[in-house]
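Please read the structure below before turning to the comments.
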Amino acid sequence: MISPLVQHLPKLWELMHHYGMTTLELNPIRMRPGKDGRLTPVACDFKCGFDRDDPRVARLGLPQHLFAADLSEFEQEVNQLRTHQGQSDVFVVNEFGTILAPTFGGGANSLVTEVLGEAAIISSDFGGNPPYEKMKSVAAICYRHFLAQTNVLFIIGGKSNNTDIHETFRGMGDALREHFAKHGPVPLYVVVGRGGPNLVRGMGNLADTLDSLGVPYRFFGFDSAISEVVNYAKRIDEWMRTGGREQIARSMNIAA
């Protein structure tokens, strides 16, 4: 596997250097076997940034509207939290959606956004091992803007290599507790699909928080297919739309 990857490194440098890029990220990369058994790297998710003052950018012939800065207040708030550790990439898909899906990983983000469709409020990638304080701040912004309309808080990602699940779940759970204390509780169902370091501790911590708030939940581990977990979240959203939200509201002794 290493040899085919190494052979492509010069091509990555040429791509970045010849077209005026400042950053280039390929994540994840999958190895596809050919007929002769040789492996070919395939980039499943591509992100890059350009130096707009570099004339080599014009070689690609990209339309100018791609560089338009048309960000919502929510997106601007999250972008201000960009640090050297952890990603905070967000895009509002449907401001009237009902599934709030903080997602970890580029591959998971693509799948979740496509399958959820118009039900998704945001498309996001919060991977890269964000520290507790950053994850708590990101979650607080998401809750403040969208939790009132949310039926399903859908925390989803693949099996992480380096992201500390306990730290990210602890930050999101603490932010939810503080949001309820400040703005009042809302009828909500939490669906989680995740794998990685400190998974059991993280799920235990989040479960304790949700139990104390009276919020129902369903957790899926790394042995569950992401596509099935996404479809489960969609079914819960449909149930919430057809009376489930009122049932949860009654169990929490709040207004639907």
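Computed from the coordinates by the stated procedures, all read-outs in this text should not be read as laboratory data. Quick caveat: nothing in here was measured; it's all calculated off a predicted structure. Note: ideal-geometry Cβ built from the backbone for every residue, glycine included; neighbour counts use all protein chains shown.
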remark   = What helix-only [θ] at 222 nm does the chain give? Using -39500 (n - 2.57) per DSSP H run of at least 4, over all residues, to the nearest 500, the answer is -13000 deg cm²/dmol
inquiry  = Just to confirm the filter: which trypsin sites (Lys or Arg not before Pro) across segment 50-153 are DSSP coil and have at most 15 other Cβ within 10 angstrom of their Cβ?
reply    = ARG52, ARG82
ask   = Which of the chymotrypsin sites (Phe, Trp or Tyr not before Pro) found in segment 199-234 are in a DSSP loop and have at most 16 neighbouring Cβ atoms, other than their own, within 10 Å?
value = PHE222
remark   = Counting only residues 5 or more apart in sequence or on a different chain, those whose built amide H sits under 5 Å from that of TYR217 are VAL190
remark   = Labelled set (i) 18.3; (ii) 19.8; (iii) 19.0; Kirkwood radius over Cα pairs in Å computed from this model equals the value at (ii)
key: Estimated inter-spin distance, ARG30 and SER227, nm [label 7 Å along Cα→Cβ]   = 1.0 nm
remark   = Amide H proximity to GLY193 below 5 Å, modelled H, separation 5+ or other chain, gives ILE155, ILE156, GLY157, PHE220
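Just how large is the dipole of segment 24-126 about the Cα centre, in debye to the nearest 20, putting +1 at every Lys and Arg Cβ and -1 at every Asp and Glu Cβ?
So the magnitude is around 720 debye.
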inquiry  = Longer than 26 Å from Cα to Cα, which of LYS47/LYS234; LYS47/LYS182; LYS134/LYS234; LYS47/LYS159; LYS159/LYS234; LYS136/LYS182 are they? Say none if no pair is.
reply    = LYS47/LYS234; LYS47/LYS182; LYS134/LYS234
note = For GLY105, the residues 5 or more places away or on another chain with a placed amide H closer than 5 Å to its own amide H are PHE126, GLY127
key: Reachable lysines, given that their alpha-carbon falls under 28 Å from the alpha-carbon of LYS35 and they are not under 8 places away in the same chain   = LYS11
ask   = Using the membrane-span-like helix rule (whole DSSP H runs, Cα extent along the own axis of at least 24 Å, mean Kyte-Doolittle hydropathy at least 0.0), which helices of the chain qualify?
value = 2-18
